[in-house]
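The values are calculated or read from the model by the stated rules, or taken from the named source; none is laboratory data. On a predicted model such as this, the values are computed, not experimentally measured, just so you know. No Cβ is skipped: glycine too gets one built from the backbone with ideal geometry, and neighbour counts run over all protein chains shown. Quick note on the areas: whole protein, heavy atoms, side chains included, nothing else; ligands and nucleic acids left out. Shrake-Rupley method; radii C 1.70, N 1.55, O 1.52, S 1.80 Å.
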Amino acid sequence: MGTTLEFKDPDEVRGIIALQGDTLRSFAKRVGISETSLNRYLFKTKRLRPTTAKKISDGLNAKVGDIFLL
């Protein structure tokens, strides 16, 4: 199994998404992942691959290390 990541603070990520004017659904669509996967990442029932973490961090205008546990 390769490297996987998880959010440092999922509630903060939800807040950032909302402040950008997105819903979880619209954010997931914008960054190219499924809403189901995003919810699983936020509830920590699924860990992210680095490529997905990069998509999400880019969508949040943040560095991967700022929002994910490395």
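Annotations for the structure displayed:
- Share of pairwise Cα separations in the chain, more than 20 Å, in percent: 14 percent
- When the trypsin sites (Lys or Arg not before Pro) in the chain are filtered for DSSP coil states and for at most 11 other beta-carbon atoms within 10 Å of their beta-carbon, the remaining sites are Lys44, Lys63.
- Computed [θ] at 222 nm, deg cm²/dmol, the chain (DSSP H ≥ 4; -39,500 (n - 2.57); rounded to nearest 500): -15500 deg cm²/dmol
- Under 15 Å between alpha carbons - lysine pairs in the chain that sit 8 or more apart or on different chains: 8
- Here the chain exposes an accessible surface that is 52 percent carbon and sulfur, computed with a 1.4 Å probe and the other protein chains kept in place.
- A straight chain from Arg30 to Ala18 at 0.36 nm per residue would run longer than the Cα-Cα distance by 3.0 nm.
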